[in-house]
1. Which numbered condition in (1) of a type outside the set (G, A, S); (2) open to solvent by 10 Å² or more (accessible area, probe 1.4 Å); (3) within 11 Å of the chain's Cα centre (by Cα); (4) within 14 Å of chain B (Cβ to nearest Cβ) is the only one that A:I254 fails?
2. Is the range B:305-313 home to any residue that is closer than 30 Å to C:T252 by Cβ, outside the structural domain of B:T258 (by TED's automatic domain parsing) and without any contact (Cβ under 8 Å) to a residue 24 or more places away in the chain?
3. Need pairs with beta-carbon distance below 7 Å; first residue without any contact (Cβ under 8 Å) to a residue 40 or more places away in the chain and within the range C:261-278, second assigned to a helix (DSSP H, G or I) and open to solvent by less than 10 Å² (accessible area, probe 1.4 Å); sequence gap 6+ or separate chains.
4. Looking at (1) over 15 Å from B:K110 (Cβ atoms); (2) open to solvent by 60 Å² or more (accessible area, probe 1.4 Å), which one does B:A193 not meet, given that it meets all the others?
5. Suppose we filter A:L193, A:L157 for residues that are part of a helix (DSSP H, G or I), under 21 Å from C:S261 (Cα atoms) and open to solvent by 10 Å² or more (accessible area, probe 1.4 Å); which single one remains?
6. Quick check: is even one residue across the range A:195-213 of a type outside the set (V, I, T), under 21 Å from the mean Cα position of the chain (by Cα) and assigned by TED's automatic domain parsing to the domain that holds A:T276?
7. Any idea how many residues of the range B:81-93 are modelled with pLDDT under 95 and under 29 Å from B:A223 (Cα atoms)?
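The values are calculated or read from the model by the stated rules, or taken from the named source; none is laboratory data. Fair warning: this is a prediction, and the values are worked out from it, not measured in the lab. No Cβ is skipped: glycine too gets one built from the backbone with ideal geometry, and neighbour counts run over all protein chains shown. We work out accessible area using only protein heavy atoms, side chains counted, and drop any ligands, DNA or RNA first. Shrake-Rupley method; radii C 1.70, N 1.55, O 1.52, S 1.80 Å.
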Amino acid sequence: MIEYAARRLAGLLGVWFLAIVITFVAVQFVPGDPIMALLSDRSGDADLEARLRADYGLDRPLPVQFLDYLAHIADGTFGLSFRFANTTVFDVISGGLLISPILAITAILIAVPLGVVLGVFAAQRANSWADTAVILGLVSGISIPNFAMAAFLVYLLSIKWSVLPVAGWGTPQHLVMPVLILVIPPTAYVARLTRTYMLEVLQQDFVRTARAKGLRERLVIYRHALKNTFVPLLTTVGIIFGGLLSGTFVVETIFNIPGLGRLAIESIFARDYPVTMTIVLLFTMFYSIINLIVDLAYTALDPRIRLTNTKA
Amino acid sequence: MRAGTKLLALCASALALTLPAAAVSQAAELRTNINADPAMVDPITYSELIAGDVMANVYEGFVGLDTEGNVIPALAESWEPHEDGLGFRFKLRSGVKFHSGRSFGAKDVKYTFEQLLIPGNRGGLNAEYLDTVVGAQAVKDGKTTDLEGVTVVDELTLDVRFTKADVLFPIYPFYFMDAGIVEEHGADWATKASAGTGPFKFKAWNLGRDVQLEAFADYWGGAPKIDGVRFLIVPSGDTAVSMYEAGELDVVYVDTQTIRRVLKDPQFKDEMLTAPAAQIRYLGMNQNLYEPFKDIRVREAICIGFDRDAMVDGLYDGAAFPLYGQVTPGVAGYNPDLPAIPYDPERAKKLLAEAGYPNGEGLPPIKVTDTEPNKNDITYYANQFSSVLGMPVEVEIVERGSHIKRMNAGEVPFFPWGWSAGYPDALYFLSQVWYGPSTYNRSRWQNDAFDALIEEAQGTADAKARYALYNKAEKILLDDWGTCPTTVRMQVALVKPNVEGVSLTPFRFLPFGDAQVTE
Amino acid sequence: MAAPSTSQTARPGSDFFLRFRRSRNAMIGSVIVAFVVLMALFGPLLTPHDPVKVNVLASWRAPDSTHWMGTDALGRDVFSRIVLGGRVSLIVSMSVLAVTLTIGTVLGMCAAYFGGWVDALVMRTVDIIFAFPELIFAILVAAVLGPGTLTVIIALSMVWWPGIARLTRSLVLGLRHEMFIEAAIVSGTPAHKIMRRHFLPNIVAPLIVRASIGVGFIIMAEATLSFLGIGIQEPEPTWGAMIRDGLSQLRTDPHLALFASLALGITMIGFNLLGDGLRDVLDPKVRN
């Protein structure tokens, strides 16, 4: 087990390195030049341009620039931001470092239990109108574009009723609407998945036996069936996290939250490559660590699955 | 249904109550918006509009503006031109304190000028105003750090000498800084300390969130009546207005995309400030890149081939005026008597036919280029010129940085663009955008008589005589259809009824030193 | 009762339609999808106005009998733009599906069949792309290629093919040791024939399910890229960009964001329900 974890971790380091290479190569091809963005109206001033290129090390060959970037990752500064004068990337991102993870984790803590409850509810009433209604409700939830839903919520909750702030960050109230928006897709995903697995499990022999023995329905479902849906659900947590991290890009933009998602979008438009590269790297690391933990948990639980969940 | 919504509202408010109280807005702090982080907060590298919005409250120059946008003395009490016209002697204001407590004097002005020019400092926009100062080039080249042409006569007297006449030098918007700040706080003082003389001190910059200023009690113009100013960073103009509506902002500078919402909503009617922007807008036609532009009849056809009034009403919801010259109202030297440029599709077609392009036949294809935020404008132009003149025009949306580089290099044939005045004098527009040798002459229109008039104006101290020269030069430009003036945008701001003393001029907000927030 | 999970041939026979028709969600979904597809195919022929015709004197019209959904900032007919926007959305999503299904199944089958370094190469590439959160990778690709329709197709294809490849590989690995496959290999049937004749027919059903669920994701991702300003550009109308432009006028001209959101929402509901229904019907593990 420990050996497996170590092997996976080593593999991750390789993937991260490749992610660094890919983002570094990618930003070289982004149309637009960071120095031009910096010079703005003054571009054409050749002296100033040359000086800026030298200051940011952009006058050297690409491989050297790459090694430079690696060195800056190692020393923790991640290099100099192009957009902000005399500011390291670390200083640019440090204020918002935890915001996207906080949003994503809060959302997942709400979405998973909620989704399971809804999924079980629907599965118990499979193909009834209640089932259809739940599924239809969830599908509508993920079908309405989140940016439109956010605008509606702001109008209702902030302007009309003044119970929540329009935008920003800093108090628990600021968390409510963004999390509400983020929670919908993973809830729907978990609920549909739970429903499917529940239907599958409910047909299996041991559940029928349990039922036949006269155990109460709810007990059957929660004690046996749900236990068996837990492992497959666990494997999807990684996917859900990826979706949530992507979701923070949109939510942070809409609610003006100073997290890495909004910063990444701004940096792309401002051609602030060091910041863009660093954020992509951090999101990638965060995402793959979550996936690693999920996989390890899954592997740890694996023997038990084989014992109970015999193949039909 | 109504009971349901009420219940939901109740639940939500109950939830809100159980959470720790939000940062209660301090009564006397003024909250306003900026649409991005400033790129810097120091007066040396200062080079963009948002940084300017913040720094105008912290730093000051020789002069300031009054509520009408007129120039008034600030850190200079008076100035006298040298006998030969090649320089000024400034008498500086006495009793002015920096935020550090040190006194402001002539040495600080000289220090600021030198810092702007020293190559390693990456001096920003204000460095350009020093081009004519004697010895500027030597400092720029790194040969010396002493600016020869600027002499500290005594504590409050400063002498500046030029290589050629520069009558507007006193009104250039410098930001003078405290010469002792680097010694006290080190080279990276900019985000730790405040080095100006303005009504507010720099307090904190929380990246992506806000920039905070606090009142400077020893301000020479009297201590501000508010505790401070908080510039919240709100990229979306729509969000900013919603925050204003919900009471999270006291003052909002409304961006062009959101003006419609503000104008159409009666609740904002009594809370609105407006002022024309000191920004010329024009449709650039580069004659070197598109052969037909060389024919004056084609240029005229284009200039009368679009409907300025329809643009004002349709595209800008009335928050604009048609522009018939290349100086905007509110800027000294503006000529209010210029004849209107009509929308005359019939004449435009006739002119094109005379030029050898009946119904646009024979015109090579061309792109009209702009950045994403102005996509509606170029979509209108392209549609208009193809449907009215039969000109094969296509829309091209490009990235801003490279677009500016190409424009500065004279490589864009057909583009609408604008130019915002850095100081309130027509020379800013005329000498930067249409003067032959200027980098910002982006459509490369060139006329010797025009250039001679501009050079004469730069040495004409008498304001009336100088304005006459501007008007003459502007007429040459317009008679040649060297450009199509398009529109002037109206700036719109919202100010809560409990806020007083906020002024919007053609140059955006005045510093908030006179603002008052009451409960 | 439960069918063996490795049924040798997933014949979508007559009982497919029977089960499909019994699934309420699938029926609702397919009706919506049929409507959307028909509108995208024939709608632009029927719309009363030119969707790119500018008329600033007729801008910001509220819905009326001439302009059923009003006009936008440039006086363009919103209804015509929504219909055309639907076509753009479908073209993008169908292109992405075509590209990803082709690349994904071919690479997935090769990885599973040949194993060794082929497998390693394909799966490591998949792992690397999977290491990036989907939309973030798409944003990166879109930023590199610059905005445009082709960009969106390429960006979304790049994030979506690894999923197909991984699914295909695991399905084929499940088949690899079936008797009839072993027999074919032993008898010297060439690899491409085995793939086409034996693998493909047996993995088609789960791939269809995956694809039908994916359409929703792709359409939403395209709208999100447009919303963030790095998607398809003017003058081509897209729902995402229409919603973005409309949101700032929500208070004065709600029709702009409203109709585009409705169009996007209804299409998404259609594809999601259809995907769910197809999964219930085609996935042999869930029959009840």
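1. Condition not satisfied by A:I254: (3).
2. Yes - at least one qualifying residue is present in the range B:305-313.
3. Going by the 7 Å Cβ cut-off, the qualifying pairs are C:S261/C:I243; C:G265/A:S143.
4. For B:A193, the failing item is (2).
5. On the way: A:L193 fails: under 21 Å from C:S261 (Cα atoms).
Only one candidate qualifies: A:L157.
6. First, pick out the residues of the range A:195-213 that are of a type outside the set (V, I, T): A:195, A:197-200, A:202-206, A:208, A:210-213.
Checking the rest, the ones that are also under 21 Å from the mean Cα position of the chain (by Cα) come to none.
Checked against the condition, which is being of a type outside the set (V, I, T), under 21 Å from the mean Cα position of the chain (by Cα) and assigned by TED's automatic domain parsing to the domain that holds A:T276, the range A:195-213 yields no hits at all.
7. Matching residues across the range B:81-93 total 0.
Okay, residues lined up against (1) closer than 23 Å to C:V37 by Cβ; (2) more than 31 Å from the chain's Cα centre (by Cα); (3) outside any loop (DSSP other than H, G, I, E, B); (4) touching a residue at least 40 places away in the same chain (Cβ under 8 Å):
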{"residue": "C:V52", "(1), (2), (3), (4)": "yes, no, no, yes"}
{"residue": "C:G75", "(1), (2), (3), (4)": "no, yes, no, no"}
{"residue": "C:S80", "(1), (2), (3), (4)": "yes, no, yes, no"}
{"residue": "C:G85", "(1), (2), (3), (4)": "yes, no, yes, yes"}
{"residue": "C:S89", "(1), (2), (3), (4)": "yes, no, yes, yes"}
